[in-house]
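The next block holds one structure in the form of structure tokens; read it before the comments.
The values are calculated or read from the model by the stated rules, or taken from the named source; none is laboratory data. All values reported here derive from a predicted model rather than from experimental measurement. When we count neighbours, we look across all protein chains shown, and the Cβ atoms used for this are built from the backbone with ideal geometry, even at glycine.
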Amino acid sequence: MHPMTDAMIENRPYDEISVGDSASLVRTLERQDIDLFAAVSGDVNPSHLDPDYAAGDLFHKVVAHGMWTASLISAVLGTRLPGPGTLYLGQDLRFLAPVGVGDTVTATVTVREKRPDKRIVLLDCHCVNQEGREVVRGTAEVRAPAAKVRRPAIELPEVRLGRHELYRQLLARCLGKDPVPTAVIHPCDTHSVTSAAEASAAGLITPILVGPSAKVKAAADAAGVDISAFHLVDVPHSHAAAAEAVRLVRAAEAGLLMKGSLHTDEMMTAVVAGESGLRTGRRMSHVYLFDVPAYPRPLLVTDAAINIAPSLEDKRDIIQNAIDLARVLGIVLPKVAILSAVETVNPKLLSTLDAAALCKMADRGQITGGVLDGPLAFDNAVSPAAARDKGITGPVAGQADILVVPDLVSGNMLAKQLTFLAGADAAGVVMGAKVPIILTSRADGERTRLASCAVAAELARGIVP
């Protein structure tokens with residue numbers, strides 16, 4: 001919403017008001033205004049919120065209901081005429097034309113009548129858009145304040161709302177496509193079995209449940225999930241589940257792996273095992289995909305889950321894996337920021353030396369498909385203003401698509417901060433194996449679980465460049 005710009009706010013007591021007095025307020029309707037009204041009121045009418053509900057430009061022209069324009073009239077009455085201390089008694093408004101995102105509306109109230117017995121003021125209300133077209137007409141009845149009030153205006157908080165657009169886009173990409181057979185490893189708790197069932201219901205995967213059948217069925221019963229339609233492979237324990245899931249992939253019976261209720265290390269042991277595993281010529285790494293409300297584009301973070309202290313050679317593969325995923329998502333030439341604590345090369349800080357070397361490796365064609373820059377501190381990787389303040393130029397500074405962290409500890413903290421403090425939606429997948437691996441945790445919500453499955457399904461369909 002829009003912040004209050006006046007330094008002071010002052011009312012007009014009843015005795016200072018004359019018939020014919022008027023006041024106005026001008027505002028431009030933004031996408032976030034509609035979102036905020038929906039969040040506060042619970043109005044989820046799809047004609048207001050969903051651009052897919054209406055065809056063509058109809059959404060941008062007619063979505064705004066009368067609530068927003070009516071609120072402008074209320075704002076004029078409460079802040080300007082009569083102002084603070086006004087008691088709103090009633091209104092009679094007619095909404096004559098639609099208001100859409102990008103329209104600028106001028107709301108004007110004019111005093112029509114005064115009734116001194118109870119300080120009642122009747123006002124004509126009138127709203128026009130930027131073309132001079134009348135969009136609202138009517139009247140409002142208020143009780144004006146008796147005493148003068150003048151005080152500093154209250155600065156409104158900055159409000160940011162996440163619309164989960166990336167989540168919607170990921171699921172939309174998978175609509176109409178065949179679900180991918182997925183070996184779910186040891187789904188012996190409610191989280192694991194629920195995740196598999198959710199992804200199946202969304203048409204993303206066809207689960208193959210690999211684990212001790214009694215434990216899997218008990219978990220499904222506890223979660224209230226019907227798994228009768230899923231193929232269940234009975235094995236004695238989690239080690240055997242991991243090995244069998246990998247075998248199913250090698251036999252082309254499954255196109256994805258999905259971690260269940262076993263430790264990541266236990267699963268990865270089977271994945272990386274010699275000739276029986278799923279190794280390729282590239283280092284495996286985890287890539288987080290974030291939709292951050294305060295950031296204007298999808299943001300990938302790597303590696304925050306697999307490689308504890310990656311070497312320079314490891315980081316080359318980590319970056320290439322992330323670039324491949326970004327390109328699958330439609331980012332044609334991903335901008336890759338290699339993070340450190342500073343943006344200059346310091347021989348005492350190994351991460352800055354690695355960053356410089358990785359950029360030169362990209363120049364020599366050892367990393368392809370993206371634009372690299374580093375070392376960059378976090379602020380000048382994601383903030384154009386911070387980059388300008390430091391005098392950092394180039395296509396990556398302030399507008400990174402991919403953040404490459406120095407080690408797992410820093411990546412894990414960054415990923416959790418984006419999720420729990422910045423309100424980001426997240427998805428995650430392990431790259432570099434023969435098939436993508438879905439790696440979720442108990443703390444992940446349904447959106448994260450489904451988005452991770454959607455990303456992995458797209459990768460499994462052979463779209464990697």
All conditions in (1) modelled with pLDDT under 95; (2) more than 21 Å from the chain's Cα centre (by Cα) are true of L408 except (1)
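Per-residue answers, yes or no, for (1) within 22 Å of V332 (Cβ to Cβ); (2) in contact (Cβ under 8 Å) with a residue 40 or more places away in the chain; (3) surrounded by fewer than 22 Cβ atoms within 10 Å (Cβ to Cβ):
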| position | (1), (2), (3) |
| --- | --- |
| G374 | yes, no, no |
| I402 | yes, yes, no |
| I437 | no, yes, no |
| R442 | no, yes, yes |
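Per-residue answers, yes or no, for (1) modelled with pLDDT of 95 or more; (2) within 28 Å of R461 (Cβ to Cβ):
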| position | (1), (2) |
| --- | --- |
| A326 | no, yes |
| T344 | no, no |
| L353 | yes, no |
| I367 | yes, yes |
| D373 | yes, no |
| A385 | no, no |
Selection from segment 170-199 of residues under 23 Å from the mean Cα position of the chain (by Cα) and either under 16 Å from A460 (Cβ atoms) or among the hydrophobic types (A, V, I, L, M, F, W, C) (or both) yields L170, L171, A172, R173, C174, L175, A196, A199
In segment 286-304, residues that are over 18 Å from N380 (Cα atoms) and either touching a Cys at 6+ places or on another chain (Cβ under 8 Å) or among the β-branched types (V, I, T) (or both) total 1
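A quick yes/no check of all residues on (1) farther than 16 Å from V184 by Cα; (2) within 33 Å of the chain's Cα centre (by Cα):
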| residue | (1), (2) |
| --- | --- |
| E244 | no, no |
| K259 | no, yes |
| L262 | no, yes |
| G274 | yes, no |
| V292 | yes, yes |
| Y295 | yes, yes |
Taking segment 80-128 and keeping residues in contact (Cβ under 8 Å) with a residue 60 or more places away in the chain, β-branched (V, I, T) and in a strand (DSSP E or B) leaves V99, T104, V105, T106, T108, V109, T110, V111, V121
Checked V135, V99, V105 against criteria (under 27 Å from the mean Cα position of the chain (by Cα) and buried (at least 16 other Cβ atoms within 10 Å of the Cβ)); the one match is V99
**Prompt:** Just wondering, is there one or more residues in segment 218-226 that are over 34 Å from the mean Cα position of the chain (by Cα) and surrounded by fewer than 24 Cβ atoms within 10 Å (Cβ to Cβ)?
**Reply:** yes
Expected output for segment 286-313 (first residue at negative phi, partner of a type in the set (D, E) and in a loop (DSSP other than H, G, I, E, B), Cβ below 6 Å, 6+ apart or cross-chain) is H286/D303; A309/D407
